[in-house]
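Data first, discussion second: the structure below is written as C-alpha cells.
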Amino acid sequence: MATAMVNGLRIGYELIGDGDRPWVLTPGGRFPKETPGLRELAEKLAAAGNRVLIWDRPNCGESDVCFTGDSESALHADTLAALLTHLDMAPAVLAGGSAGSRIALLTAARHPGVARALALWWISGGVMGQLVLGNVYCAPNIRAAWADGMAAVAALPDWAESIERNPANRERILGQDRETFIATMERWMMAYCPQPDRTIPGLPDEVVSAITVPALVFRSGASDAHHTRATSEAIAELLPAARSAEPPWGDREWHERQAERARTGGLFVRWPLLAPALLAWAEQIGS
C-alpha cells in the first residue's frame, strides 16, 4: 500500500478509482482502512466516476502513532487536511461514520479549504456516548502508564495492530515521556467530557454553524445510545447547508452489527448500502 509523509508522520493510504471528483472515507474507532465495508463503499463510489481516498489515521493500521494535538480527533483532522493537500485532492467530499464523521466535521472546521461537502452518519454524541469514548480511547493508556510505565502502554491490546503493521511504533511509544504522555491522554480525555455548547466532542456548536459547505446527515437510530438520534438531528440543524436523510437500515443497526461482529469481521459491513443515497445527493449538489 502507498504511504505519504505529512506533518512529520508516515501515513498509509489507498486511492480507489480514477475519476476527477475526490472523496475521502474515514471509518470509526481505531479501525484501519482494510476494515470490512469501507473498501466496498469506496468501490461503489469510484464506479460512479469518483476518486476515493481510504486511509489509516495516526494511531491506526500501518500509520505512525502520534501523541500531540488538542485531541486525537484534532490530530486526525489536521493529518487528513495535510494528506488531501499532499495528494492534490482538495477540496474533497469528506465522508465517514462514528469517529469518521467527527473527523470530517473537525477537518472542515479547522481547514475549510479542503472540504467540498460533508456526508455524515453514526455521529457520536450524548452524555453516555461521549463518556464511553474517553474511557475506551484514553483510560487504558492512563492506567497503564500511571501504574507501570510506557512498556505497559506498548503492551496494551489497543496498540497491537499498529505495532504489528508498523514495528517502529513500539519504539515511538516507549520513547514517550511518561508524565507528558499521561498529560496528553488526560487532555484528549477531557475533549470527550460533555459540555452544553458542544454537540460534537472538541467542537463548539458555533464553529459547526460556520461550516457552510453542503452536508448530508443520516439520522441515527432511536435505540443507539452511542450515536444518538438527537445528536444527528442537532448537527443537521447546526450546519447551514445540511439536509437530513434516513439511513438504508433499520433502527437497531448498531446493535445488530455489534452482535454479529465476530461473524462478519466488522461493524461497517453494511456501509456500502449508503452508496445510492450518497451518489444521488452528490449529483444534486454537483460534487
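The values are calculated or read from the model by the stated rules, or taken from the named source; none is laboratory data. This one's a predicted model, so the numbers in the text were calculated from it and none came from an experiment. Methodologically, a virtual Cβ is constructed for each residue, glycine included, from the backbone with ideal geometry; neighbour enumeration extends over all protein chains shown. The area values use the complete protein model at the heavy-atom level, side chains included, leaving out ligands, DNA and RNA. Shrake-Rupley method; radii C 1.70, N 1.55, O 1.52, S 1.80 Å.
Observations on the model:
- Some residue of the stretch 23-34 being farther than 30 Å from residue 157 by Cα and either buried (at least 22 other Cβ atoms within 10 Å of the Cβ) or free of Cβ contacts under 8 Å to residues at least 40 places away in the same chain (or both): yes
- Note on the stretch 246-281: residues that are surrounded by fewer than 18 Cβ atoms within 10 Å (Cβ to Cβ) and of a type outside the set (Asp, Glu) amount to 17.
- Summed over the stretch 207-227, the residues that are within 23 Å of residue 131 (Cβ to Cβ) and either basic (Lys, Arg) or open to solvent by 30 Å² or more (accessible area, probe 1.4 Å) (or both) give a count of 6.
- Single match in 240, 248 (criterion: assigned to a loop (DSSP other than H, G, I, E, B) and in contact with a Leu (Cβ under 6 Å, 6 or more places away or on another chain)): 248
- Pairs with Cβ under 9 Å, 6+ apart, first in the stretch 218-243 and more than 25 Å from residue 256 (Cα to Cα), second among the β-branched types (Val, Ile, Thr) and surrounded by fewer than 19 Cβ atoms within 10 Å (Cβ to Cβ): 239/212; 240/212; 241/212; 241/285
- Criterion: of a type in the set (Gly, Ala, Ser) and either touching a Ser or Thr at 6+ places or on another chain (Cβ under 8 Å) or open to solvent by less than 20 Å² (accessible area, probe 1.4 Å) (or both) - qualifying residue of 47, 90, 74, 109: 74
- Residue tally, condition open to solvent by 30 Å² or more (accessible area, probe 1.4 Å) and in a helix (DSSP H, G or I), over the stretch 173-205: 10
- Summed over the stretch 131-156, residues that are in a helix (DSSP H, G or I), touching a Phe, Trp or Tyr at 6+ places or on another chain (Cβ under 6 Å) and open to solvent by less than 10 Å² (accessible area, probe 1.4 Å) total 2.
- Residue match in the stretch 138-155 (condition: at positive phi and without any contact (Cβ under 8 Å) to a residue 60 or more places away in the chain): yes
- Considering the stretch 112-130, and only residues there that are assigned to a helix (DSSP H, G or I) and aliphatic (A, V, I, L, M), the residue that is surrounded by the most Cβ atoms within 10 Å (Cβ to Cβ) turns out to be 114.
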